[in-house]
Structures are given as C-alpha cells and as structure tokens.
Amino acid sequence: MSQLSEEIASRSAGYLDDLKAFLSFPSISAEGRALEEASDFLMGKLRSLGFNVSKARVDGAPPLVIADLKGRSDYTLVFYNHYDVQPVDPISEWRTDPFSPTVSEGRLFARGVADDKGDLMARVHAVETLLARGEGPPISVKFVVEGEEEEGSPHLKDYVEKYGSLMKGDVCLWEGFETSTDGRPQVFLGCKGLLYVELKLSTASADLHSMYGPIAVNPAWRLVWLMAKMKDESEKVLIPGFYDDVVPPTEEELEMLARNSYDVDALRRSLGVRSFLRAGPDLELLKDLYFQPTCNIAGFSSGYSGPGSKTIVPREATVKIDFRLVPSQDPAKVLARLKEHMLSLGYGDVQVKVFGEEAPAKVSPEAPEVRRLVEAAKESYGSEVNIWPTIPATGPMAIFVNELGLPSLMPPSVPYPGSSYHAPNEHIMLSQYWKSVEFFSRAILKLAPP
C-alpha cells in the first residue's frame, strides 16, 4: 500500500460519512426537489476546507456552486460536476431506499452515488487528503457544480455568460466515467452531443369508448406510425440531412479503439441484456458505440396501463426521444430537420417540446494533460489505461471548450459497468471509491508545473 493510499484509508470512515450525508438529499432536478439543500451541504463542506465559495444564480435555474482554492501555483484545475440526480422510478425495483445510503457486500447503494455525487465527493476528498498533509495543494483548484445536468444543463450557457470569468482555468476534469469491463481506468477526450425532445399529440378532449375506434383518430397509433418513419429496422435514421454534418473518425481515433482493452461480452452481461444490435467483431460494435449518432425512444405513454382491461381510444399520446450526436452535428440543425421531416409527412399537429440541446466536444490527444492523467491513473489503479476519443454519453462539455476555451477531459472515476446508474439499485464498489480518491489526489500532484 502506498503512503497516499494509507493516508486515505486512515480518513475513510469520515469520508464515507460525508458521502452518505450528501447522498441522502433527494436532489432530483426533474422534480425540483432538495436542490437548495444539496447545494448548501456541498458549499458547507468546501468552505470547511478553506475554499472561497459562492452560490451563483440565473433566472429559472437551481444554484450553481463555484468554489476556488489558491494553491502554490497559479496553474488552475477546474472540476466540473453536478449535484442533481435522476428520478428513482420504478421505485418498486429498488432493494433499498434510494436516499438511505446502504452498504452491502462492499457496495454502496443510493441514487446518485455513481452519477455524479460519488465522483464529486471523491474529488473533494482528494483535496482534503492533500490538505491534511499540512500544506496547500501544488496547484489552484476550482469546483463548478451545477444542479440540472440530468435535465440537459439548459441554463449552463447562461451561467457561463454571466459568471464565466470565475470558471476559467488551465484544464477541466469533467465528471468521471466508469472503469472498463476488465477493470481498467479510462480517459475520454470528448463527448457526444444531445437533442432531447418530447412529441405530444392530443386528438380529443377526453378518452373515448373504443367502439369509436373505426372513426376516431388514435394518437398512439399516429405516433407509432411517425416513429416508424424516423428510423428503419437497420437502425438508419430516416430524417433527411441527419447524417450530412457527421465527421467520420480519423485513423488515429480508430487506432485508439483497436489499442484499448475491452470485453464486449462482459459489457453485455454487466448490462443484463441478451444481445446487442450487431453480432460480429468487438471492434465493429465499438465503432458504432463511439462514432454513430442515434435516435432513441426513451419513453412512450398513452391510454390505460393499469391492471385488467379498459377499452378506450386514448385522448393523448406522448413520446420522448433522445438523439446522441457526433462531431460536427449541431442540435439546432437536427431539431430543424426533425420538424421539417414531420411537416413533410403530415404530422404538423404533433407538438414538439425541447428538453435539452448540447453540442459534441473533442480535445486533442496531444494535450500535455492527457499524459499526466494517464500516469496518475496507472499509479493509482495499477494497470494500463484505456484512452478513448470520446464517450458515448453526453455532458455540456462543449460550453466549456468553446465558450471558455477550457480543454476538458473525462477521467476515470467511481462507477463500473454494472453500477446501474439511471436505473434502480444504483451503486458503486467502495474499493473503487478509494481508488478514485487516490487518483484525483495524484492528478492534482501530477498537474503541478515542473
């Protein structure tokens, strides 16, 4: 055991208490719950470590926490995280109360522990570990922590426009990502973009008896037919112009995929799925995962879904769709093409509501911070490191990269592929939490200028 890991182990009981307390706040942004309370808890913790902390505000948004701690160097590391979490539905599938953090067989169960409160607190505890040595960190550290990432960060750009001068630094470590299926730490050099929309169609003032089925418009069927015109059975998106701006992966990016260790079958098992869409070489499936844009039905609701039967023609139907976008797709362009497609097919009566628009982002693999983070990860995890050109998920990284000129990387963190984030029984392995604290401690030390 290294000296650093021993220092972390000696403080682990207090760190676990901190983490459990933070996880107990039901800070669900979709429901507007406990966002002030969670942000206040975080601010109090950071103040106790000597950070200068402020609660930034813009209209219609939960608070943004901005905190900075002066180090022995002006070189500044910015940590981006979020304190909001996903809804807990379906609550009946949870084995424990999602907001009563529970340790069982070396795992910690709670909503938000994998995404993103565990990652956030591991960073806080890394700073605390270094401060416990009796000297300030070798570099300056900032935290920028929002409360609506799980809603697509609709106000983050407003925050950057108003408070951007307080968020600047030399490099940003974005919220972290899971280890690989074989336990390797992973570094990601970008993220996909996102367009999230809700399509709603109302055709009557109330549900109708299904005897009127031969003459009444059924909104559920209308949306089903519309969905069938959005994507075909080969997974090709049928919206005209959808692929026009897609930039294919470079040779260097394809080589990154080929070099990395990744067990697709282990991923399948950890996700609990019987099969993936593509059967064939792992590399081809990874190309799809990392480089293909998507059109995904995230939810569909209409009519009666209770016990037994109820014969109706529903009055309304709703479908929620997320599009994961790749460089250089623009969510605003994709939205315009979606609306044009719907109008051309005769679906002008369907309402479109936008819940999130985020552009893709990329950072050069030649950035010097990449090498330093890889070194920190190797020393902390005791293994080689997977370096990926992007992550198949989304965050508002492009705002930091494009608006603040802040190179942003996604480092390894507390989840693993079976952590069930965004699902019931979200959890992490505590052993990985302590490795994450060690990694972030080493990252702060490695990023210090010579």
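Of the numbered criteria (1) over 20 Å from the mean Cα position of the chain (by Cα); (2) under 26 Å from residue 156 (Cβ atoms), the one residue 398 fails is (1). Give me the pairs: first residue in the stretch 96-124 and at pLDDT 95 or above, second residue of a type in the set (Lys, Arg) and surrounded by fewer than 18 Cβ atoms within 10 Å (Cβ to Cβ), beta-carbon distance under 7 Å, and six or more apart or on different chains, which are they? Filtered contacts from the stretch 96-124: 101/20.
When restricted to residues that are loosely packed, with under 14 Cβ neighbours inside 10 Å, touching a strand residue (DSSP E or B) at 6+ places or on another chain (Cβ under 7 Å) and more than 18 Å from residue 295 (Cβ to Cβ), the stretch 214-242 contains 0.
Among the residues of the stretch 327-370, those identified as part of a helix (DSSP H, G or I) and modelled with pLDDT under 95 are 368, 369, 370.
May I ask you to list the residues in the stretch 384-410 that are in a loop (DSSP other than H, G, I, E, B), touching a Pro at 6+ places or on another chain (Cβ under 8 Å) and not aliphatic (A, V, I, L, M)? Passing the criteria: 389, 390.
Is there a residue being of a type in the set (Ser, Thr, Tyr) and surrounded by 17 or more Cβ atoms within 10 Å (Cβ to Cβ) anywhere in the stretch 284-299? First the steps, then the outcome.
Applying the first criterion (of a type in the set (Ser, Thr, Tyr)) to the stretch 284-299 yields 290, 294.
Cutting the leftovers down to surrounded by 17 or more Cβ atoms within 10 Å (Cβ to Cβ) gives us 290, 294.
Yes, the conditions are met somewhere in the stretch 284-299.
Filtering 193, 152 for residues that are farther than 30 Å from residue 53 by Cβ and surrounded by 20 or more Cβ atoms within 10 Å (Cβ to Cβ) leaves a single hit, 193.
In the list 178, 146, which residue meets the criterion of being more than 20 Å from residue 54 (Cα to Cα) and buried (at least 18 other Cβ atoms within 10 Å of the Cβ)? Spell out how you get there, then give the answer.
On the way: 146 fails: more than 20 Å from residue 54 (Cα to Cα).
Just one listed residue meets the conditions, 178.
Only helices (runs of 4 or more DSSP H) whose full extent lies in the stretch 210-297 are considered here, and the ones with at least 1 residues that are closer than 21 Å to residue 319 by Cβ are 219-228. Among residues of the stretch 238-262 that are of a type in the set (Phe, Trp, Tyr), those with a beta-carbon under 7 Å from a residue that is in a loop (DSSP other than H, G, I, E, B) at least six positions away or on a different chain give the pairs 262/180; 262/181.
If a residue must be closer than 15 Å to residue 337 by Cα and of a type in the set (Lys, Arg), how many such residues does the stretch 217-238 contain? Summing the residues that are closer than 15 Å to residue 337 by Cα and of a type in the set (Lys, Arg) in the stretch 217-238 gives 2. In the stretch 1-21, the residues that are closer than 24 Å to residue 109 by Cβ form Cβ pairs under 6 Å with partners that are outside any helix (DSSP H, G or I) and not hydroxyl-bearing (Ser, Thr, Tyr), at six or more places apart or across chains, as follows: 20/101.
The values are calculated or read from the model by the stated rules, or taken from the named source; none is laboratory data. Small disclaimer: the values here were computed from a predicted structure and weren't measured. Ideal geometry is used to build each Cβ from the backbone, glycine not excepted, and the neighbour counts take in all protein chains shown.
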